[in-house]
Amino acid sequence: MGKINNKTAIWWGLLIVAVLAGIYVWTAYNRFVTLNESISNQWAQVESQYQRRFDLIPNLVSSVQGIMKQEQAVFGELAAARAQYSGAAGTNERAEAATQVEGALARLLAIMENYPELKSAGTVQTLMAQLEGTENRISVERMRYNDFVRSLNVMVKRIPGRWLASWFGFGEGSYFEAAEGAEEVPEVVL
């Protein structure tokens, strides 16, 4: 058996390094694609829960409206917020519209606390329980969405992911954040 010369060993070494680099780039690209798809899927889950909420709200409003005629402004706000959500174009606009729905819904729930006859109505109780469950689901789905965005953003910001992300055309994702003023408790005047 012959001796391998230095030139052949260098070529083999370079070939191995090139193959390993190719495998790394391939794996990184697939990870970016996976994270982007996970974010899209998770946002679809958030929207699915919003849709559940929007489907429940008209039933709740219909059940409550007859007793609460003087609270028509809240019903109008809910309808306007739902319409704004339906017309929203992007993730950020939908998140803002969803926050407006939450504000109007919070005012409705605060008002309902002052009407014991509403709280004792079976239909209203059932709808309220479903709405509370939906709100919990929305919270969980938003958290999962933000977790996927965090994973993508970390990968995009770290080296060499930073270089590969720009090379492949991937960028940072947008977190779901509460709208300005969402931390304030809605004021209800009766």
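Quick note: the coordinates plus some simple rules give every number you see, no bench work behind them. Given the structure is predicted, the values throughout are model-derived calculations rather than measurements. Because the Cβ atoms are built from the backbone with ideal geometry, glycine has one as well, and the counts that use them run over all protein chains shown.
Data for the structure
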{"quantity": "For peptides 39-52, 91-104, sequence by mean Cβ density within 10 Å, most packed first", "calculated": "91-104, 39-52"}
{"quantity": "Protection proxy ranking of 169-176, 153-160 - average other beta-carbon atoms within 10 Å, highest first", "calculated": "169-176, 153-160"}
